[in-house]
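> Just passing along the structure, written as structure tokens.
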Amino acid sequence: MKFKGKTNGSIELIYDLNDQIKTLENQKPSELFLLWFQSDNNIIEIDHRTFTFNTNDIVFLTEFHKVVISSEVNLKLLKWNKPFYCIINHDSEVSCKGVLFYGATTLPIIHTKGEEVDILKAVWKVLEYEIQSADNLQEEMLQMILKRILILCTRLYRQSMDANHSFPDFVREYHFLVEQHFKELHTVQDYADLLHKSPKTLANQFKKLGSKSPLQFIKDRKMLEARRLLAYSKQTVSEVAYELGFTDIQSFSRFFKREEGQSPVEFQRLNHEGKIDNTLGISA
């Protein structure tokens, strides 16, 4: 089921497994995805890590996630693009920038249950109905329903992340800025300047939240991209180092080995030979 607007905006519900695999393994620019699992033990590789998703788990992906589905899965897939609804331009409406999408390194996963599932099922049913209703209000209605889904999911994710149901806006903004600029901005000072805060203030605020340090967020995002490029692209180690903003291959190799425990050359060789042990990934 798909709606396509007059300005190339589109939203689509995909239920066929083969179509889901093609969609997730061949993302187009500016696309966002919501995966709602309908059974237990769905195994998917995302960014070189193996995840196991169970009934009513929901995961959020962008065009930048590298997805491999090698076994039978049972999910509902919702896809839309930036011309249809841009979460960055409309952040004041849904507040999911830096939380569900463009959140630096953490894969957003929600484990829904009980009344939460009932509400999402009801909203999803309306989405299915409206996506097939061709009239001059269709696009506006679909955008309203999508916003409702995103608001619900953002609320659930915030609650799962913090016992006080708090996810400060400066953390969301920091996550988003790192996602946007990690290739050219490499110090906490760079992001502190963008946020009009001091590096010390940022460090103290993150510490109070019990979160990793601002610097570690930058390192983790660079490592995520390094793994993606080394595992899925044909770029050489030196080309990956250059793309990530390192001045020479030696400094990149030292950084990668310190964070990963093996050199980028070893990582790439083992992966391309199909010997990387994906069972070290995180289970949802």
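> Working from Cα positions, state the angle (0 to 90°, nearest 10) between the long axis of helix 138-161 and the longest principal axis of the chain.
Approximately 50 degrees, to the nearest ten.
> Looking at (1) -0.33, -0.90, -1.20, -1.51; (2) -0.46, -0.87, -1.03, -1.20; (3) -0.37, -0.98, -1.27, -1.51, which value of log10 I(q)/I(0) by the Debye sum over Cα atoms at q = 0.08, 0.13, 0.15, 0.17 Å⁻¹ comes from a calculation on the structure shown?
(3)
> Please give the contour-minus-distance gain from ARG269 to TYR242: 0.36 nm per residue of separation, less the Cα-Cα distance, rounded to one decimal in nm.
Details: separation 27, 0.36 × 27 = 9.72 nm, distance 1.90 nm.
Extra length from ARG269 to TYR242 when fully extended: 7.8 nm.
> Tell me the angle of helix 115-131 to the major Cα principal axis of the chain, expressed in degrees between 0 and 90 and rounded to the nearest ten.
Taking Cα atoms only, the helix is inclined about 70 degrees.
> Which FRET efficiency, nearest 0.05, do GLU63 and ASN204 yield, Cβ-Cβ r, R0 25 Å?
Values: r = 34 Å, r/R0 = 1.38.
For R0 = 25 Å, the calculated efficiency reads 0.15.
> With the cut-off at 18 Å, tell me which of the pairs LYS197/LYS222; LYS66/LYS125; LYS2/LYS82; LYS4/LYS82 have Cα atoms farther apart than that. Spell out each step's value before the answer.
Values: LYS197/LYS222 23 Å; LYS66/LYS125 29 Å; LYS2/LYS82 15 Å; LYS4/LYS82 12 Å.
Cα-Cα > 18 Å for LYS197/LYS222; LYS66/LYS125; rest within.
> Compute the relative contact order of the chain as a whole-number percentage, counting only Cα pairs closer than 8 Å that sit 6 or more residues apart in sequence.
19 percent
> Let me ask something else. What percent of all Cα-Cα pairs in region 169-277 falls in each 10 Å bin, counting up from 0?
14, 42, 28, 15, 1
> Between helix 169-181 and the chain, what is the angle of the helix's C-alpha long axis to the longest principal axis, kept within 0 to 90° and rounded to the nearest 10?
With rounding to tens, the tilt is 70 degrees.
> Could you run the Debye sum over the Cα atoms of region 29-154, one equal point scatterer each and no solvent, and tell me log10 of I(q)/I(0) at q = 0.22 Å⁻¹, two decimals?
For the requested q values the scattering log ratios are -1.48.
> Now for a different question. What is the gain in length, in nm to one decimal, between GLU72 and LEU215 on full extension, counting 0.36 nm per residue of separation less the C-alpha to C-alpha distance? Provide the component values of the computation, followed by the final result.
Details: separation 143, 0.36 × 143 = 51.48 nm, distance 3.88 nm.
In short, 47.6 nm is gained.
> Counting each DSSP H run of 4 or more residues in the chain as -39500 (n - 2.57), what helix-only mean residue ellipticity at 222 nm follows after dividing by all residues, to the nearest 500 deg cm²/dmol?
Values: 11 runs with 132 residues, N = 284.
Value at 222 nm, helices only, nearest 500: -14500 deg cm²/dmol.
Rule-based calculations on the coordinates, nothing more; no lab input. The model shown is predicted, which means the values in this text are computed figures rather than measured ones. Every residue, glycine among them, receives a Cβ derived from its backbone with ideal geometry; neighbour counts consider all protein chains shown.
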